[in-house]
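Right, one structure below, let's go through it.
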Amino acid sequence: MKQFFTKLVQLSHSITGQLIPKWYICFMYIPKDFELKDRELILTFLEQHPFGSLAVNGSDGIPALVHIPFTCEFEASGNYLEFHVAKENPIISAISEVNQGKMIVLGAHGYISSSVYTHVNVPTYNYEAVHVSGRIVRLTPQELKKHLSCLVDSFEANRENKVQMTQWPTDLIAAYMQEIVGFRIEIQQVEAAFKLSQNRNEVDFTRIIDDLNTRTSSDQQLAEAMKQSKCPIK
């Protein structure tokens, strides 16, 4: 695996004369029918799905991964995702080596049975996926504390008995913050694939939604996502 990534970087250099940024080594294939380019919709999707998988390529070219919740910071100066990891997590050394990474965020997804089509065809799988790539910067202690407060508030927002960081003893917060490291990834490149049966005819599109609504709660979430997507193109 290490040799594969090394060869890929060398090939890029031989073609372009430049070393590609490490987060470009892995990219997402997106058929034209399913590519989402509306940046505002993508940012809204990130706010609604605040959990992702961060991939960082270390100096050896082998990706390090961590699964983490994040907060969205959309400002005039730029758009960022902020997160934290355990201080003992080896991904920190990979971040310090390259200062670049890719956050992978999944939304609704589910199996689509071809039994609902009006013609013979194979089954498929629908999904929403966004890849955010960019520079990663370490948060200051003050920024980390603000991030933690925003993270707790965002997840507690719809609860009756909300908890806030201000309720906790300062020594508890201080001790916890000694065990974690906060980061911010700048949204420099976005890839968004929303495969929601946009390539099906209207009758099949409707039948897929109806079928999903008879199944699990996650399938019903996919049905709702399909309703929000553009109309079938064929």
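Descriptive notes on the structure:
- Expressed as a fraction of 2.2 N^0.38 Å, the C-alpha radius of gyration for the chain is 1.18.
- For a label point 7 Å along the Cα-to-beta-carbon line of Gln189, residues of segment 133-151 with backbone N under 15 Å: 133-136
- For Asn89 and Tyr29, the difference between the fully extended length at 0.36 nm per residue and the C-alpha to C-alpha distance is 18.6 nm.
- Contour excess over end-to-end distance, with Cα ends at Tyr111 and Thr44 and 0.36 nm allotted per residue: 21.7 nm
- Taking each of Lys146/Lys227; Lys102/Lys162; Lys102/Lys146; Lys32/Lys227; Lys32/Lys146 in turn, the alpha-carbon distance tops 28 angstrom for Lys146/Lys227; Lys102/Lys162; Lys32/Lys146.
- The chain: relative contact order as a whole-number percent, Cα under 8 Å and 6+ apart: 22 percent
- Square roots of 5 times each gyration tensor eigenvalue, C-alpha, segment 143-234, largest first, Å: 42, 19, 9
- Phe155-Arg135 FRET efficiency (beta carbon distance; Förster radius 22 Å; 0.05 resolution): 0.25
- In this label model, Lys162 and Ala175 are separated by 2.7 nm, measuring between points 7 Å along each Cα→Cβ vector.
- Projected label distance in nm at Asp60 and Val122, using a 7 Å step from Cα toward the beta-carbon: 3.6 nm
- Placing unit charges on the Cβ atoms of the charged side chains and taking the dipole of the chain about its Cα centre, the candidate lying farthest along the positive direction among Ala174, Thr206, Ile92 is Ile92.
- Solvent-accessible area per residue, Å², over segment 34-82 with all protein chains present [probe radius 1.4 Å]: 50 Å²
- The largest-to-smallest principal axis extents of the Cα set in segment 41-178 are 64, 48, 32 Å.
- Cα gyration tensor shape for segment 120-160, rounded if a/c is under 1.5, else prolate or oblate: oblate
The values are calculated or read from the model by the stated rules, or taken from the named source; none is laboratory data. All values reported here derive from a predicted model rather than from experimental measurement. Reconstructed Cβ throughout: ideal geometry from the backbone, glycine too, with neighbour counts over all protein chains shown. SASA here: full protein model, heavy atoms, side chains in, ligands and nucleic acids out. Shrake-Rupley method; radii C 1.70, N 1.55, O 1.52, S 1.80 Å.
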